[in-house]
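No value in this document is a laboratory result; all are computed from the given coordinates. All values derive from a computational prediction rather than experimental measurement. Cβ: placed from backbone, ideal geometry, glycine included. Neighbour counts: every protein chain shown.
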Amino acid sequence: MPLYESQTIKIYNSLSGEKETFKPINDGYVGMYVCGPTVYSNVHLGNVRTFMSFDVIFRYLKHLGYKVRFVRNITDAGHLENDADEGEDRIAKKARLEAIEPMEVVQRYTVDFHNILNKFNFLPPSIEPTATGHIIEQIEIIKSIIDNGLAYEVNGSVYFDVHKYNETKAYGILSKRKLEDLIHNTRALDGQSDKKNPQDFALWKRAEPQHIMRWPSPWSDGFPGWHLECTAMSTKYLGEQFDIHGGGMDLKFPHHECEIAQAQACNGQSPVNYWMHANMLIMNGKKMAKSTGNYILPNEIFSGDNPHITKAYAPSVARFFMLQAHYRSILDFTNNGLLASEKGFYRLMDAINLLNDLKTSDSSTFNVSEWQQKCYDAMNDDFNTPILIATLFDAAKFINQVKDGSATVSAEDLELLKQTFDIFVFDVLGLVNVAKESSGSDQLSAAVEILINLRKEARQNKDFALSDKIRDELAEAGIQLKDSREGTTFTTN
Ligand SMILES: [Zn+2]
């Protein structure tokens, strides 16, 4: 009997605003679509957090025995800035600024995206389709929306008629917005636009002469609107109706709202049964933004090379830190939070590493099977990773007690403990049991500490030539020093 028959999952559905019992359309199979990155710059840490939430969900569904088809796209056709259907395509703009082919931009940042996700130990999705690989499918959808009377062509561009759609369906059903309010809050058209109403959105845009990425279509040489690609790719690989659609909270409106409208207009039915949205990641209590300097790149967490952190962190520590918040809560990225998670992570690993040396007794003083079900209960309750982690620590405490001799474990329960840690720590949370410090052996640490202290003395004596020499020669040997208010730490390549 597959596990999913005994473990019932509840999912918070953004569409209903309630936790609902998860029942897939086809018994034993799950179709899941997550909006992927726009590959015109390095992946944002907030996006990594969203993708990590769905990586864990993918892992858990697979563990329960579901056959999961997980589709996460790559937005490589760019999309228009400001969601206003005006302005320049982001990938084309980057290509023009850097005087390279748009596909070079796409390639560079797709590789960067995969590298980062690999470091964080993500599973690859089942299919990772690209927008530019599905232009034909997008054109076909536009044709049927026009045939169904819900889109119109003006000067080679095609727009979705939101007002007409709203006569029979509810535009705003997901984000709980009403069209009347949207009309009230939008400024009047400035006469530059071809749209009938400001709420209408582009399905196809005619390319201006300077626009580099363009494809032929029945209406003009141009490019598809951003919202359309997800409808085209999810329909193609998961069908007109599928189980789970995920993404960041910021995509709820207008992106996901437009996806629902497009699918309804094309196929006549609501495309998704469970809409899931991951919350924001902020840093030091404020929105993360390059412009304010309140910003960190994922790679800088691993190198420690960012003023907001005092040291380098192993990818599993950063992953553990992010999973200590529930995906629907705002996550505040702070150095103190990371330091605390680092301690917790190694405490958990130390307990797991003790498992092979524990002495067994005739009976256990801890109910291991009840504890195991608590781990499942945490994940079954809308994938509650912080509760799961807290539950794992209950067993870590027990393991330490067995080692001290203040508790006992039977051979059978010890086996169950090992299995359960394997399942939840490594398979579901996707953590890796890394060695305590990436900085190598104890002797090395001791030797570098001696040099750090010599350098400190040199600086106190204002012998900056010597202090710089120590730092630079260590760097040449692959050892980076990092100074902070708390002192000097080091990382190795
Ligand atoms: Zn999307």
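Values computed for the structure shown
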item	result
Degrees separating the helix 45-63 axis from the principal Cα axis of the chain, which is the longest one	80
Prolate/oblate/rounded label for the chain (Cα gyration tensor, a/c 1.5)	oblate
Within the chain, helix-based [θ] at 222 nm, where runs of 4 or more DSSP H residues each add -39,500 (n - 2.57), nearest 500	-13500 deg cm²/dmol
Fewest-first ranking of Thr8, Thr168, Thr488, using other Cβ atoms within 10 Å as the exposure measure	Thr168, Thr8, Thr488
Residue exposure sequence - Tyr33, Tyr109, Tyr4 - by fewest surrounding Cβ within 10 Å	Tyr4, Tyr109, Tyr33
Per-residue Cβ neighbour rank within 10 angstrom, fewest leading, Ile352, Ile136	Ile136, Ile352
The chain: angle of helix 257-267 to the longest principal axis, Cα-based, in degrees nearest 10	50
Once exposed loop GluC sites (Glu not before Pro) are cut out (DSSP; at most 15 other Cβ, 10 Å), longest piece of the chain	241-485
